[in-house]
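Inspection log for the structure reproduced underneath, given as structure tokens.
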Amino acid sequence: MTGETSGRCHCGGAQFTFDAAPVATFYCHCSDCQRTTGSPFSVELMIPSDTFAVMGELATYTVIGDSGGAVHRRSCGSCASGLFLECDSDPGFVFVKAGALDDQSAVHPEMHIFVSAKQPWVKIADDLPQYDRMPPA
Ligand SMILES: [Zn+2]
Ligand SMILES: [Zn+2]
């Protein structure tokens, strides 16, 4: 994934771009991702925030994450599509939801995290590293 990458919400009222390769790309099986996405897991790209630009009206839902720090979940203020997260425990980065990208085909997940919360009916069929919680720093 090189060059400018773009994404948007379902209604198009919120859009974003970034111009950096992801620092990490992962499947997150945590219970917060399950609940907030209505899906068994989320796929997210860790992007340096200084290259990330967002336009449009956002809504923010803040919870205390498993890290113990606040996690700010940003979605479109109109259609409520989840777009990205900011975590107080990871300053300087945003976690972009793969499903919001205009071209998801360039996404290459590298690991599964919070596998301890994975649903038993989700079968991991790849050889990527699996971590019970966060990967070791
Ligand atoms: Zn929208
Ligand atoms: Zn998660």
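Charge dipole (Cα centre; +1 on Lys/Arg Cβ, -1 on Asp/Glu Cβ; no other charges) of the chain amounts to roughly 480 debye.
Sorted on the mean count of surrounding Cβ atoms within 10 Å across their residues, most packed first, peptides 93-101, 14-22, 107-115, 119-127 read 93-101, 14-22, 107-115, 119-127. Rounded to the nearest 20 debye, the dipole size of segment 29-105 about its Cα centre is 240 debye, using +1 on the Cβ of Lys and Arg and -1 on the Cβ of Asp and Glu.
Extension gain, TRP121-ASP66: 0.36 nm per intervening residue step, less the Cα-Cα distance, totals 17.5 nm. Averaging the sequence gap over all C-alpha pairs within less than 8 Å and six or more residues apart, then dividing by the number of residues, gives the chain a relative contact order of 26 percent.
Remark: ARG74, ARG35, ARG8 ranked as ARG35, ARG8, ARG74, counting other beta-carbon atoms within 10 Å and listing the fewest first.
Straightening the chain between GLN104 and ALA24 buys 27.3 nm, computed as 0.36 nm per residue apart minus the Cα-Cα spacing. From the Cα gyration tensor of segment 5-117, with a ≥ b ≥ c the square roots of its eigenvalues, which class applies: rounded if a/c is under 1.5, or else prolate if a/b is larger than b/c, or else oblate? Verdict is rounded for segment 5-117.
Net charge in the neighbourhood of CYS28 (other residues with Cβ under 14 Å of its Cβ; Lys, Arg +1, Asp, Glu -1) is -1.
Where a number appears in this text, it was derived from the coordinates with a stated rule and is not lab data. Bear in mind that the values here come from a model prediction, so they are computed numbers and not experimental data. Quick reminder, even Gly has a Cβ in these numbers, built from the backbone with ideal geometry, and neighbours come from all protein chains shown.
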